[in-house]
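S.K.: The structure's right below; bear with me while I get my questions together.
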Amino acid sequence: MRARPFIAVLIVALLTAAGCRLGDTTPPATQGPIKTGIGIEGLTIKVAELTPLTGSVALIGKPLTRGHEVYFQYVNDVLGGVGKNLPKEQRYKVELVTLDTQYLPDIHVQQYNAVKEKVAVIAQSLGTPQTKAILQQIRDDKIVTGAASLSADWFKEKYVVANGAPYIAQVANAMQYLKDKGVTPKLGLIYQDDDYGAEGVAGIDYAAKALGFSIVARASYKPTDTEFTAQVNTMKQAGADHVVLTTTPTPTGRILGAAAALQYAPRWIGNSPAWIGALVGTKDKPSPLVPYMQQTLWVVTDQGCGWADVGYGCEGSKLMQDNLAKYAKDQPPDYYFSFGYVQAMGIHAILEKAVEMRDLSREGIANAFANLKSVDTGGLRKALAYGATCQEKVGVTGSTIWKIDTTQPIALASLGEVDSKLAKDYKYCG
Amino acid sequence: MTDFLQLAIQGVALGAIYALIALGFVIVYKATQVINFAQGELVLLGAYLVYAFNQTALPFAVSVALAVVVMAGLGWAIERTILRRMVGKPVFAVVMITIGLAIVIRQVVAAAWGFEDLLLGEPWAASRIQVGELGVNVTSLVTIASAGLLLALFFVFFRFTRAGIGMRATAIDQEAALAVGIPVRGVFAQAWMIAGGIAAIAGVFLVAFPATLHPGVGFTALRAFPAAIVGGLDSVGGAVVGGILVGLVEVLVQGYQPQVAPWLGNNFHVAAAYLLMIVVLVVRPYGLFGTRVVERV
Amino acid sequence: MSRAPSPLASIPMLRRIDGLRTTYADELALIRGVGGWAGLIGLAALYVATPLVIDDFWLSVMSFTAIAAIAAIGLNLLTGFTGQVSLGHAFFLGLGAYTAGYLGGELKLPVLVWLPAAGVLGALVGLLIGPFALRLRGLYLAIVTLGLVFVGEHIFLNLRQITGGPQGRAVPSPTIGGLNFADLGTSLGLPLTREQSFFLFVVPLLALAALAAKNIVRSRPGRAFQAIRDREIAAAIIGVDRARYKVAAFAVSSFYAAAAGALYGSYLRHITPGQFDLGPSIQYVAMIIVGGIGTVYGSIAGAFFLVLIPRVVEALSPAIPFVSHSATGSGVTLVVLNQLIFGALIVLFLVFEPLGLSGIWSRLRTYVKTWPFSY
């Protein structure tokens, strides 16, 4: 394994003067026994995954959880466990406890109750309304929780670990990208009528105002809708030439289909959840929309090299693909796999920090999270920014913009990266 | 005006899908006085069967025909093994059984095919026809044509065939039908067979491009429910008129309400179909074309 | 309603233990004989013992059961006793949950205000819907209430100032002043977890709801409900005011549902419109079918059974070969299996045991009572 020396050090420990300035954080102990707590059984750290394995969002939950599985298997097998400075036989193995939430808030609460006394952290809590349903309990139970959703609200939470730039930043970066290219778009927006869609609305309102773009049309839909001609027609009649899609994959496909039927071909700009590789179909049965998508659709994701081929890519991507080949041969490349893989890196870094600070109790882990500044993902994601305050957590707000290219692993080819001041300046901390 | 015509075409196309699903509701209700809440799931299963047969390199038309036959067989089996035991039991109990069946079928589909979005693979796929400013998917045209054709077939069936007339007689009075020698049980089985077969056809159009096939389609099919009620649960023509009416209302409300009456809230079109249904029921409790029932003690 | 006295009734001892019914007063009594009292004391002991014995997870399941049971009792009053089929029960739960969220969260009112207020608002809206029940019978009423679910969801999604729109809204814990019933541990300085507190809070409310329902069905309105259910026009002819009692049944049932919804929201602490759609409505109907149509205790049994079964299957699932537990595993997920069981249970109960669990129970009881003279 050539990759090992490069990635052996995953954490950038930035505990110098900055760490001591924070009043409420205890300075790390480097000596003495490691304090343990709930979910630490001998040399095993138990970690919960609250994710939908059933229902339409299983499409996202499954590959995302596979990302966690593969990464933690790599931690256990190759790194020997959590605690890189400990002798190999004293390192902690990570064990995942996966619970199916069906993407339903009430089931999410039940599963949280089922698992909270058994685990040290929740590595994944998928969905914004779902995570909000357990938010008060997360605060009460002081359990560090990785949110698998990009709501801007997570920055304000002491115990919630965000996993990248929020949807608002994605939209703002895309708008800046247009501005930089000298385009003055007539903007449209089609959004899902929920909290996720609301962030798309906030993003486009903010960016359009700042850059002087006009929004000529907006339309919403319900997740169960099947017919999108009306929304597409609204865009077409208003003359929108750039339309942001704050949508999920199935509606994206239908919207593009309706647009193709109406001979309407604006530039479509999708937030990351709008896309899934399956939209291009399979090799034997490609979607009839592939030419249209290649011509019209851009997708905005977190800034990083993602799945791109190694020529363009980065060490982190290469290691991820090696690990995938090693531990999960049957898993096809998927955006959500890498999303989960990066999230697992963040959780791992927090646990690593907690071991370094010699406290694996709930408080100790939360303290480690507050003291961790950033996580190096080997370029897979630009970096993950953490810290004790909302402002520190906002940190990284860059995006990568992709076009559709079926020759690439997840049918996405990079157009470029944008890390705009516009996205950074949004008042996430309200 | 183009705007309106474009939406109207789309509304009629959507309505034709609803009509095809509603026909399934009507057939079963007409013969057995049972609202079949599993119709949406029969549509779902039918669509998956077409997909599965088509995957084995069978021509698309053959796949559809096979799915129709299998679904008709399933309809027959459901009537034979479960619903026949319920003859004479309260209607409510029978309806709840169909809800239970719906849940079972949905899970069987999820277990067999998972939750991935699948492409049905119909031969006309993304092709469309353009007339001046107006564009329409070939899928939509085929749907409208199929709904029309099936309506004509049903008309002939109920008017001129022994089985059809027997079904009508059974619907009016089961005992009297039995007395004049109509095999009422056979009629029930036939109705379920037809409902199963037509579900496969409706399924094809519900998930044809640009839509995709996934287990959530069964819920979408429930949107056809107001169509069946608005038209009148025991009227074949009513199902078609109701379907097109509901399709038009949905698409037009979707197109105009955000500008005309934004205070009604986002996505009013979904509620609009059900509101239309409630209003129709209050004004005409048996639907626009339904038969009024005389109450007896 | 009264049966011929059993031959065993002549043995005074047995009569006192079993509570065999020999007079009309016996028929109407809530608690019969020594056995009845023993059972009651046993239940009270169980109430105190349960939170001490079982862990937080199962307590959480029990609290959900208790809340669901309150809603199911309400539906049984309407569907089981009055014969009015409603597929819109979840709408009223949502109404109660949002009322609790708004009154408790925005206006900071205590549980003593928001819980009854949720119920009353539910009843008022029930009064508005009730008249539909007069015009429409049987299935058509089920259909209108089905429509109500969709219209209601639209309102929950769009009345953003109150409901928080698609994001949903927070619902406060049940508190009076400094006393938080969902966290008695902190408020009273007792060693109680949140789950233990909530269990202790919600179970007496269920008992109250069951008692009230029992009293409704064994008094005049209850008899009127049942007369309408059994033969509506005949009931009208013998002088039952159909309009009044149908609407009343709707209002009472909605009161129960909305109060249960308020508790549900308060327990979850965060609610979204999607939680009050057709799925839960069907689940409540299934509860009364499985438990027993037209019985109060059946509603509780049904709720218990349907909330518990998925958890039991989950506990047993490691031994079931075709169930997958992670994102990797092939095979069906637990949810698929559980839903399959749920659907199959509805069908099987209706086909083979239309009286539900309470039917099985009363057969069992009769068998034991008359043993060894089974007939």
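S.K.: Looking at the stretch C:191-229, which of its residues are among the small types (Gly, Ala, Ser), crowded, with 22+ Cβ neighbours inside 10 Å and under 18 Å from the mean Cα position of the chain (by Cα)? Spell out the reasoning first.
M.R.: Of the stretch C:191-229, the ones among the small types (Gly, Ala, Ser) are C:197, C:207, C:209-210, C:212-213, C:219, C:222, C:224, C:227.
With crowded, with 22+ Cβ neighbours inside 10 Å added as a condition, the list becomes C:197, C:209, C:213, C:224.
If the condition is that a residue be among the small types (Gly, Ala, Ser), crowded, with 22+ Cβ neighbours inside 10 Å and under 18 Å from the mean Cα position of the chain (by Cα), then C:Ala209, C:Ala213 are the ones that fit.
S.K.: Going by the conditions given, is C:Thr186 surrounded by fewer than 23 Cβ atoms within 10 Å (Cβ to Cβ), farther than 26 Å from C:Asn76 by Cβ and modelled with pLDDT under 80?
M.R.: Working: surrounded by fewer than 23 Cβ atoms within 10 Å (Cβ to Cβ): yes; farther than 26 Å from C:Asn76 by Cβ: yes; modelled with pLDDT under 80: yes.
Answer is yes for this residue.
S.K.: Oh, and also: Whether any residue in the stretch B:255-273 is at pLDDT 85 or above, assigned to a helix (DSSP H, G or I) and among the polar types (S, T, N, Q) is what I want to check.
M.R.: For the stretch B:255-273, residues at pLDDT 85 or above, assigned to a helix (DSSP H, G or I) and among the polar types (S, T, N, Q): present.
S.K.: Return the residues of the stretch A:379-420 that are among the small types (Gly, Ala, Ser), in contact with a Ser or Thr (Cβ under 8 Å, 6 or more places away or on another chain) and over 24 Å from A:Lys181 (Cβ atoms); say none if nothing qualifies.
M.R.: Correct list: A:Gly379, A:Ala383, A:Ala385, A:Ala388, A:Gly395.
S.K.: Moving on. State all residues of the stretch C:158-182 that are of a type outside the set (S, T, N, Q), over 13 Å from C:His270 (Cα atoms) and surrounded by fewer than 21 Cβ atoms within 10 Å (Cβ to Cβ); if no residue qualifies, say none.
M.R.: Going residue by residue through the stretch C:158-182, those that are of a type outside the set (S, T, N, Q) are C:159-160, C:162, C:164-166, C:168-172, C:174, C:176-179, C:181-182.
With the extra rule that they be over 13 Å from C:His270 (Cα atoms), the set shrinks to C:159-160, C:162, C:174, C:176-179, C:181-182.
Result: C:Leu159, C:Arg160, C:Ile162, C:Ile176, C:Gly177, C:Gly178, C:Leu179, C:Phe181.
S.K.: Hey, C:Ala235 hits all of (1) within 14 Å of chain B (Cβ to nearest Cβ); (2) surrounded by 20 or more Cβ atoms within 10 Å (Cβ to Cβ); (3) in contact (Cβ under 8 Å) with a residue 60 or more places away in the chain but one; which does it fall short on?
M.R.: Condition (3) is where C:Ala235 drops out.
S.K.: With (1) outside any loop (DSSP other than H, G, I, E, B); (2) within 20 Å of the chain's Cα centre (by Cα); (3) within 12 Å of another protein chain (Cβ to nearest Cβ) as the list, and A:Tyr103 as the residue in question, which single condition is left unmet?
M.R.: So the condition that A:Tyr103 fails would be (1).
S.K.: Could you list, in sequence order, the residues of the stretch A:44-84 that are within 19 Å of A:Thr377 (Cα to Cα) and either away from chain C (no Cβ under 14 Å) or of a type in the set (Lys, Arg) (or both)?
M.R.: Residues satisfying the conditions are A:Arg66, A:Tyr74, A:Val75, A:Asn76, A:Asp77, A:Val78, A:Leu79, A:Gly80, A:Gly81, A:Val82, A:Gly83, A:Lys84.
S.K.: More than 7 Å from chain B (Cβ to nearest Cβ) and either out of contact with any strand residue (DSSP E or B) (no Cβ under 9 Å at 6 or more places or on another chain) or more than 16 Å from B:Gln6 (Cβ to Cβ) (or both): is that true of A:Ile269 in this structure? Lay out the reasoning, then the answer.
M.R.: Values: more than 7 Å from chain B (Cβ to nearest Cβ): yes; either out of contact with any strand residue (DSSP E or B) (no Cβ under 9 Å at 6 or more places or on another chain) or more than 16 Å from B:Gln6 (Cβ to Cβ) (or both): yes.
Judged against the criteria, A:Ile269 is a match.
S.K.: Output the number of residues of the stretch A:164-182 satisfying the condition of being in contact (Cβ under 8 Å) with a residue 24 or more places away in the chain and surrounded by fewer than 24 Cβ atoms within 10 Å (Cβ to Cβ).
M.R.: Step one: filter the stretch A:164-182 for residues in contact (Cβ under 8 Å) with a residue 24 or more places away in the chain, giving A:164-180.
Of the ones still in play, those that are also surrounded by fewer than 24 Cβ atoms within 10 Å (Cβ to Cβ) are A:176-180.
Looking only at that region, the number is 5.
S.K.: Answer yes if at least one residue in the stretch B:239-249 is in contact with a His (Cβ under 9 Å, 6 or more places away or on another chain) and either of a type outside the set (Asp, Glu) or free of Cβ contacts under 8 Å to residues at least 24 places away in the same chain (or both), and no otherwise.
M.R.: Here is the first cut: in the stretch B:239-249, the residues in contact with a His (Cβ under 9 Å, 6 or more places away or on another chain) are B:249.
Now restrict to residues that are either of a type outside the set (Asp, Glu) or free of Cβ contacts under 8 Å to residues at least 24 places away in the same chain (or both): B:249.
Scanning the stretch B:239-249 turns up at least one residue that is in contact with a His (Cβ under 9 Å, 6 or more places away or on another chain) and either of a type outside the set (Asp, Glu) or free of Cβ contacts under 8 Å to residues at least 24 places away in the same chain (or both).
S.K.: Residue by residue through the stretch B:216-239, note down the ones that are over 30 Å from B:Glu116 (Cβ atoms) and in a loop (DSSP other than H, G, I, E, B).
M.R.: B:Gly232, B:Leu233, B:Asp234, B:Ser235
S.K.: Being in contact with a Pro (Cβ under 8 Å, 6 or more places away or on another chain), buried (at least 21 other Cβ atoms within 10 Å of the Cβ) and not in a helix (DSSP H, G or I) is the requirement here; does B:Phe115 meet it?
M.R.: Working: in contact with a Pro (Cβ under 8 Å, 6 or more places away or on another chain): yes; buried (at least 21 other Cβ atoms within 10 Å of the Cβ): yes; not in a helix (DSSP H, G or I): yes.
In short, yes.
S.K.: Here is a further query. Tally the residues that are more than 10 Å from every other protein chain (Cβ to nearest Cβ) and either in contact with a Leu (Cβ under 8 Å, 6 or more places away or on another chain) or closer than 19 Å to A:Asn173 by Cβ (or both), restricting the search to the stretch A:281-297.
M.R.: 3
S.K.: Would you call C:Gly122 under 22 Å from C:Thr272 (Cβ atoms) and surrounded by fewer than 24 Cβ atoms within 10 Å (Cβ to Cβ)?
M.R.: Numbers: under 22 Å from C:Thr272 (Cβ atoms): yes; surrounded by fewer than 24 Cβ atoms within 10 Å (Cβ to Cβ): no.
The answer is no for C:Gly122.
S.K.: On to the next question. Looking at B:Ala273, is it closer than 18 Å to B:Val34 by Cα, among the hydrophobic types (A, V, I, L, M, F, W, C) and in contact (Cβ under 8 Å) with a residue 24 or more places away in the chain? Spell out how you get there, then give the answer.
M.R.: On the way: closer than 18 Å to B:Val34 by Cα: no; among the hydrophobic types (A, V, I, L, M, F, W, C): yes; in contact (Cβ under 8 Å) with a residue 24 or more places away in the chain: yes.
Taking the combined requirement at face value, the residue does not satisfy it.
S.K.: Go through B:Val95, B:Val87, B:Val64 for me and flag whichever is under 23 Å from B:Ala19 (Cβ atoms), more than 10 Å from chain C (Cβ to nearest Cβ) and of a type in the set (Val, Ile, Thr).
M.R.: On the way: B:Val95 fails: more than 10 Å from chain C (Cβ to nearest Cβ); B:Val87 fails: under 23 Å from B:Ala19 (Cβ atoms).
After ruling out the rest, the residue left standing is B:Val64.
S.K.: Mind checking whether some residue in the stretch A:126-134 is of a type outside the set (Phe, Trp, Tyr), at the interface with chain C (Cβ under 9 Å from one of its Cβ atoms), farther than 30 Å from A:Pro266 by Cβ and over 18 Å from the mean Cα position of the chain (by Cα)?
M.R.: Yes, the conditions are met somewhere in the stretch A:126-134.
S.K.: With A:Ala411, A:Ala366, A:Ala423 as the choices, which residue is closer than 15 Å to A:Gly164 by Cβ and among the hydrophobic types (A, V, I, L, M, F, W, C)? Step through it out loud before you land on a result.
M.R.: On the way: A:Ala411 fails: closer than 15 Å to A:Gly164 by Cβ; A:Ala366 fails: closer than 15 Å to A:Gly164 by Cβ.
Testing whether each residue is closer than 15 Å to A:Gly164 by Cβ and among the hydrophobic types (A, V, I, L, M, F, W, C) leaves just A:Ala423.
S.K.: Between a residue in the stretch C:332-360 that is at the interface with chain B (Cβ under 9 Å from one of its Cβ atoms) and any residue that is of a type in the set (D, E, K, R) and crowded, with 21+ Cβ neighbours inside 10 Å, which pairs come within a Cβ distance under 6 Å, given they are 6 or more apart or on different chains?
M.R.: C:Thr333/A:Asp100; C:Val335/A:Asp100
S.K.: Checking the condition part of a helix (DSSP H, G or I), without any contact (Cβ under 8 Å) to a residue 24 or more places away in the chain and of a type in the set (D, E, K, R), which residue from A:Glu352, A:Glu363, A:Glu392 passes? Spell out the reasoning first.
M.R.: Working: A:Glu352 fails: without any contact (Cβ under 8 Å) to a residue 24 or more places away in the chain; A:Glu363 fails: without any contact (Cβ under 8 Å) to a residue 24 or more places away in the chain.
Among A:Glu352, A:Glu363, A:Glu392, only A:Glu392 is part of a helix (DSSP H, G or I), without any contact (Cβ under 8 Å) to a residue 24 or more places away in the chain and of a type in the set (D, E, K, R).
S.K.: Which is within 19 Å of the chain's Cα centre (by Cα), away from chain A (no Cβ under 14 Å) and within 22 Å of B:Val43 (Cα to Cα), of B:Leu149, B:Leu141, B:Leu206, B:Leu222?
M.R.: Values: B:Leu141 fails: away from chain A (no Cβ under 14 Å); B:Leu206 fails: away from chain A (no Cβ under 14 Å); B:Leu222 fails: away from chain A (no Cβ under 14 Å).
The match here is B:Leu149.
S.K.: Also: Please state which one of B:Val109, B:Val70, B:Val94, B:Val142 is over 22 Å from B:Ile35 (Cβ atoms), touching a residue at least 40 places away in the same chain (Cβ under 8 Å) and surrounded by 19 or more Cβ atoms within 10 Å (Cβ to Cβ).
M.R.: Working: B:Val109 fails: over 22 Å from B:Ile35 (Cβ atoms); B:Val94 fails: over 22 Å from B:Ile35 (Cβ atoms); B:Val142 fails: surrounded by 19 or more Cβ atoms within 10 Å (Cβ to Cβ).
After applying the criteria, what remains is B:Val70.
S.K.: Do we find a residue being within 14 Å of chain A (Cβ to nearest Cβ) and either buried (at least 24 other Cβ atoms within 10 Å of the Cβ) or touching a strand residue (DSSP E or B) at 6+ places or on another chain (Cβ under 7 Å) (or both) anywhere in the stretch C:81-91? Before the answer, list the steps.
M.R.: Let us first name the residues in the stretch C:81-91 that are within 14 Å of chain A (Cβ to nearest Cβ), namely C:90.
In the following step, the residues that additionally are either buried (at least 24 other Cβ atoms within 10 Å of the Cβ) or touching a strand residue (DSSP E or B) at 6+ places or on another chain (Cβ under 7 Å) (or both) were identified as C:90.
Yes; the residues of the stretch C:81-91 include at least one that is within 14 Å of chain A (Cβ to nearest Cβ) and either buried (at least 24 other Cβ atoms within 10 Å of the Cβ) or touching a strand residue (DSSP E or B) at 6+ places or on another chain (Cβ under 7 Å) (or both).
S.K.: Does the stretch C:220-235 hold any residues that are part of a helix (DSSP H, G or I) and basic (Lys, Arg), and which are they? Break it down stepwise before answering.
M.R.: Taking the stretch C:220-235 first, the residues part of a helix (DSSP H, G or I) are C:220-230, C:232-235.
Within the stretch C:220-235, C:Arg220, C:Arg223, C:Arg229 meet the criteria.
S.K.: Does the stretch A:252-270 hold any residues that are farther than 20 Å from B:Gln259 by Cβ and free of Cβ contacts under 8 Å to residues at least 60 places away in the same chain, and which are they? Can you show your working first?
M.R.: From the stretch A:252-270, those farther than 20 Å from B:Gln259 by Cβ are A:252-254, A:256-257, A:260-261, A:263, A:265, A:267-270; that's our starting set.
Result: A:Thr252, A:Gly253, A:Arg254, A:Leu256, A:Gly257, A:Ala260, A:Ala261, A:Gln263, A:Ala265, A:Trp268, A:Gly270.
The values are calculated or read from the model by the stated rules, or taken from the named source; none is laboratory data. Remember, it's a predicted structure, so these values are computed and weren't measured experimentally. Don't worry about glycine lacking a Cβ; one is built from the backbone with ideal geometry, like all the others, and counts go over all protein chains shown.
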